[in-house]
Amino acid sequence: MPRLDELHRRLAALQGLIATVPDPLILVGHDGLVREANPAAQTLFPTLRIGHPLSLGVRAPDILEAVEKAPAGDHPVHVEYRERTPTARAFDVRICSLPRVSDGGEEDAGVSLVFRDLTAARRLEQMRVDFVANVSHELRTPLASLVGFIETLEGPAREDAAARERFLAIMRAQAWRMTRLIDDLLSLSRIELREHIAPEAPVELQGVVSQMVDTLRPMAAERGVTIALAMPDAALTVRGDRDELLRVVENLVENAVKYGESGGRVEVILEGDGKEAVLAVRDHGPGIAHEHLPRLTERFYRVDATQSREKGGTGLGLAIVKHIVNRHRGRLAIESEPGRGATFRVILPAAEG
Ligand code: ADP
């Protein structure tokens with residue numbers, strides 16, 4: 001027989017162990033009274049009390065019924081438990097009778113309830129479903145328009161040279177839109193695959209920023225937007241992936257020009273303090289209402305979907321920026337007031353030495 005103090009020590013250790021389990025655990029006697037409940041269970045069911053009936057703490061008829069009929073040993077039953085407030089959550093509850101304590105055979109070991117939080121898994125599943133639906137929708141629209149124009153060109157507009165010119169231009173734009181969407185999807189998945197591996201090569205930011213700003217100047221000029229560029233003389237170097245950093249500058253400056261067009265001016269400012277390098281892209285357009293700011297980097301999130309599509313947007317630009325910045329162990333900060341333009345700031349750790 002183990003000694004009494006040894007039993008006490010093991011009991012305390014087991015209680016400590018159960019208390020650290022993040023999933024709610026409850027033990028109920030066959031008399032319906034709660035025998036044990038860990039802190040996670042107390043948090044989920046605030047009215048649950050040890051020694052009181054389970055039904056006073058857990059008001060879920062499915063669970064109570066399953067506890068009453070709990071099968072012994074190897075065949076647990078699973079019940080789903082949902083909470084709507086304060087936030088929607090779903091749990092899988094595994095219920096089974098514990099084996100009787102051996103000697104004498106009289107001791108009732110009770111019924112265990114083990115809760116597994118399904119919320120995160122469900123959310124991921126929902127995101128996957130939404131993503132596929134979004135991609136299909138984004139591709140279907142230009143595709144439907146292409147098919148429509150092909151049919152018109154084969155039929156009613158067969159001999160109409162002017163219409164043909166016009167329709168071909170639209171068809172080309174739609175085909176480009178699908179190409180851009182697929183390119184963006186592929187870059188997003190490539191970046192995500194490598195997100196956990198921080199890039200190591202030293203990259204001088206002045207070169208990256210000025211190269212991309214020079215590339216985008218003609219497109220900005222077409223829209224009547226000037227780009228002002230301010231950079232320090234001393235080289236600002238980060239550990240990075242040059243192509244990915246070019247994409248960041250491209251997406252931010254392109255957005256500032258596209259959406260801030262009415263402001264006529266975009267400022268690109270690069271600064272550094274030895275510890276961090278900060279790239280700020282500022283426009284003087286209509287700005288973005290507060291409620292949208294936290295969601296802008298979600299895939300396909302747009303403040304105004306029609307406007308974004310008209311401007312050739314895929315809804316993926318800022319998602320790509322966010323993932324690249326994450327991969328570089330940096331941060332993206334967005335500030336905006338409606339009517340007062342927007343500032344997108346990328347903060348990257350400076351390369352040591
Ligand atoms: P899109 O391809 O639609 O431009 P992004 O991911 O780059 O996708 O941007 C998401 C949304 O954020 C845009 O549709 C737009 O509504 C908003 N947005 C981005 N940049 C700006 C900006 N500088 N000013 C106002 N709105 C912006």
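Laid out as a table, the results:
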item	result
Selection within the range 326-345 - aliphatic (A, V, I, L, M) and away from the ligand (no atom under 13 Å from the Cβ)	ALA333
Close pairs (9 angstrom Cβ cut-off, 6 or more residues apart or separate chains): assigned by TED's automatic domain parsing to the domain that holds HIS30 and over 23 Å from ALA90 (Cβ atoms) in the range 48-76, among the acidic types (Asp, Glu) and open to solvent by 50 Å² or more (accessible area, probe 1.4 Å) anywhere	ILE50/GLU36; PRO53/ASP31
ALA351 being surrounded by fewer than 22 Cβ atoms within 10 Å (Cβ to Cβ), touching a Pro at 6+ places or on another chain (Cβ under 7 Å) and of a type in the set (Gly, Ala, Ser)	yes
Selected residue (criterion: modelled with the lowest pLDDT) from residues of the range 303-321 that are more than 20 Å from ARG128 (Cβ to Cβ) and in contact with a helix residue (DSSP H, G or I) (Cβ under 6 Å, 6 or more places away or on another chain)	LYS311
Members of the range 304-332 that are within 17 Å of the chain's Cα centre (by Cα) and among the aliphatic types (A, V, I, L, M)	LEU316, LEU318, ALA319, ILE320, VAL321, ILE324, VAL325, LEU332
Options LEU245, LEU229: the member that is at pLDDT 95 or above and open to solvent by less than 50 Å² (accessible area, probe 1.4 Å)	LEU245
Filter result (open to solvent by less than 70 Å² (accessible area, probe 1.4 Å) and touching a Leu at 6+ places or on another chain (Cβ under 8 Å)) within the range 164-205	PHE167, MET171, GLN174, ALA175, MET178, LEU181, ASP184, LEU185, LEU188, VAL203, LEU205
Any chance GLY287 is open to solvent by less than 50 Å² (accessible area, probe 1.4 Å), assigned to a loop (DSSP other than H, G, I, E, B) and modelled with pLDDT of 95 or more	yes
Residue in the range 262-280 that is part of a helix (DSSP H, G or I) and either exposed (fewer than 15 other Cβ atoms within 10 Å of the Cβ) or more than 6 Å from the ligand (Cβ to nearest atom) (or both) present	yes
Residue within the range 101-111 that is among the small types (Gly, Ala, Ser), closer than 30 Å to PHE45 by Cβ, without any contact (Cβ under 8 Å) to a residue 40 or more places away in the chain and open to solvent by less than 40 Å² (accessible area, probe 1.4 Å) present	yes
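The values are calculated or read from the model by the stated rules, or taken from the named source; none is laboratory data. A quick note: this is a predicted structure, and the numbers were derived from the prediction, not measured. FYI the Cβ positions are ideal-geometry reconstructions off the backbone, even for glycines, and counts take in every protein chain you see. Side chains are part of the model used for accessible areas, which takes the heavy atoms of the whole protein and leaves out ligands, DNA and RNA. Shrake-Rupley method; radii C 1.70, N 1.55, O 1.52, S 1.80 Å.
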